[in-house]
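Q: This is the structure I have questions about; it appears just below.
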Ligand SMILES: [Zn+2]
């Protein structure tokens, strides 16, 4: 072998060794990068799990809230219905009572010469001077509802006793 060829071979061996070191280094670096990547992916998985947990918590809270809302709404609807039913009943009773009272008053007024409401004094109707049955007299004194004289049909009232 001549000297130049030997020199060339040595140079090639050295280059080869340098290349092998470089490859080894790259492999190490690559391994580290892979490890880091795996760690990041694991962290991402954890974060994803946390997000999912929070989301399901939120969903159940929303469901609860919706249920409460529905409950309140149905309570309100019930109360509304009760109120409007009571209002309707009040109106129909008022119409009945008032209408009845007015027509009764007008009828008596026209039949009895302009006096529809008379006092009862000592159990006697001051319209027709008839003695009222004691039971009726007691009821009139109790003043719980409207009473008519059984004889002249006038509306009866008692003067409140002066005290
Ligand atoms: Zn009478």
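The values are calculated or read from the model by the stated rules, or taken from the named source; none is laboratory data. These numbers come from a predicted model, not from an experiment. Note that each Cβ is placed from the backbone with ideal geometry, even for glycine, and that neighbours are counted across all protein chains shown.
Q: Which residue pairs have Cβ atoms closer than 6 Å, lie 6 or more positions apart in sequence or on different chains, and pair a first residue in the stretch 113-139 that is over 13 Å from residue 152 (Cβ atoms) and without any contact (Cβ under 8 Å) to a residue 24 or more places away in the chain with a second residue that is within 9 Å of the ligand (Cβ to nearest atom) and not in a strand (DSSP E or B)?
A: Here the result reads 123/132, each pair linking the stretch 113-139 to a residue that is within 9 Å of the ligand (Cβ to nearest atom) and not in a strand (DSSP E or B).
Q: State whether the residues of the stretch 92-110 include one that is at pLDDT below 90 and surrounded by fewer than 10 Cβ atoms within 10 Å (Cβ to Cβ). Break it down stepwise before answering.
A: Taking the stretch 92-110 first, the residues at pLDDT below 90 are 92-110.
Next cut, surrounded by fewer than 10 Cβ atoms within 10 Å (Cβ to Cβ) only: none.
Looking through the stretch 92-110, none of the residues is at pLDDT below 90 and surrounded by fewer than 10 Cβ atoms within 10 Å (Cβ to Cβ).
Q: Right, something else. Quick check on residue 3: is it loosely packed, with under 10 Cβ neighbours inside 10 Å and over 21 Å from the mean Cα position of the chain (by Cα)?
A: Working: loosely packed, with under 10 Cβ neighbours inside 10 Å: yes; over 21 Å from the mean Cα position of the chain (by Cα): yes.
Criteria met by residue 3.
Q: Right, next: Looking only at residues that are under 56 Å from the mean Cα position of the chain (by Cα) and surrounded by 15 or more Cβ atoms within 10 Å (Cβ to Cβ) in the stretch 118-145, which one is nearest to the ligand (Cβ to nearest atom)? Explain how you work it out, then say what you get.
A: In the first step, residues of the stretch 118-145 are kept if they are under 56 Å from the mean Cα position of the chain (by Cα); the result is 118-120, 134-145.
Okay, now just the ones that are also surrounded by 15 or more Cβ atoms within 10 Å (Cβ to Cβ), so 118, 120, 136-137, 139-140.
Numbers: 118: 7, 120: 9, 136: 11, 137: 12, 139: 15, 140: 12 Å.
So, considering only residues that are under 56 Å from the mean Cα position of the chain (by Cα) and surrounded by 15 or more Cβ atoms within 10 Å (Cβ to Cβ), the one nearest to the ligand (Cβ to nearest atom) is 118.
Q: Taking the stated definitions as given, is residue 158 away from the ligand (no atom under 11 Å from the Cβ) and touching a strand residue (DSSP E or B) at 6+ places or on another chain (Cβ under 8 Å)? I'd like the intermediate steps shown before the answer.
A: Values: away from the ligand (no atom under 11 Å from the Cβ): yes; touching a strand residue (DSSP E or B) at 6+ places or on another chain (Cβ under 8 Å): yes.
Criteria met by residue 158.
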